[in-house]
Amino acid sequence: MTRADTGPRAGTAPRSDEPTSAPAEAVLTGLRERRSSAGLTTPAPAPGELRAMMSAAMSAPDHGRLKPYRFIVVDSAARAALGDALADAHAEREPDATDAELDRVRAKAHRAPTIVVVVAAPQPHPTIPAWEQRATAACVAHGVVLAADELGYGAIWRTGWFGEAPKVRAHLGLADHEDVTGWIYLGTPTTRPAPRPVVEPAITWLT
Ligand SMILES: Cc1cc2nc3c(=O)[nH]c(=O)nc-3n(C[C@H](O)[C@H](O)[C@H](O)COP(=O)(O)O)c2cc1C
């Protein structure tokens, strides 16, 4: 019996070891050609689209189905307050920061019309360690990026020390056991990203 007979999409999987069917090739091409977009503008995904993207991203592998993550949406109007929280955190870390510097930090919240913050929320578990749960949150973040691409939007996953800053954590309402896995900036790309260079995977085939 082959995967095609038994898999969740029984009957649709290719019989050869090459993904020759058009739908399969389209999926792989989509994965291969996805590019992050640093320059993002309106329109951003609408609330219904965001919900669908987050819901789809929840198909991430999840040991024990603990759902050890949650999402925080920073929409257009919420960006100003987030920018202030980023600036407050920066001022706390760099007490001599100039106003211009703080404005530059504030602007980080405006680099895209919408930001989805993927938060890892690992739970105590006798056999499923926190790192596995954080791995699930990372897969979820990638899922949001992929879903954005699939819907024709641009996205970029960013991180940084701000996610650890108490003032930013308080602004986001993070509990002690939660941490920011990724700030997923979302919108419409301002430029067409360069095609991804073809890179051979590093594979060791054990025989
Ligand atoms: C955990 C993680 C954190 C990242 N943090 C940043 C970041 O803070 N700033 C940034 O420009 N790119 C960051 N990246 C990389 C971008 O999301 C993106 O992958 C990179 O620009 C390469 O573009 P590509 O996805 O088109 O290959 C991060 C990626 C990951 C997985």
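Worth a mention:
- Some residue of the range 24-33 being away from the ligand (no atom under 16 Å from the Cβ), outside any loop (DSSP other than H, G, I, E, B), more than 23 Å from the chain's Cα centre (by Cα) and at pLDDT below 95: yes
- Against the list (1) more than 16 Å from the ligand (Cβ to nearest atom); (2) loosely packed, with under 14 Cβ neighbours inside 10 Å; (3) in contact (Cβ under 8 Å) with a residue 12 or more places away in the chain; (4) not small (Gly, Ala, Ser), the condition Thr204 fails is (3).
- Flag if Ala77 is in a helix (DSSP H, G or I), touching a residue at least 60 places away in the same chain (Cβ under 8 Å) and closer than 27 Å to Gly187 by Cβ: no
- Checklist (1) surrounded by fewer than 14 Cβ atoms within 10 Å (Cβ to Cβ); (2) without any contact (Cβ under 8 Å) to a residue 40 or more places away in the chain; (3) of a type in the set (A, V, I, L, M, F, W, C) applied to Leu31, failing item: (2)
The values are calculated or read from the model by the stated rules, or taken from the named source; none is laboratory data. None of the values given here were measured: they were computed from a predicted structure. In this analysis, Cβ positions are derived from the backbone assuming ideal geometry, glycine residues included, and neighbour counts consider all displayed protein chains.
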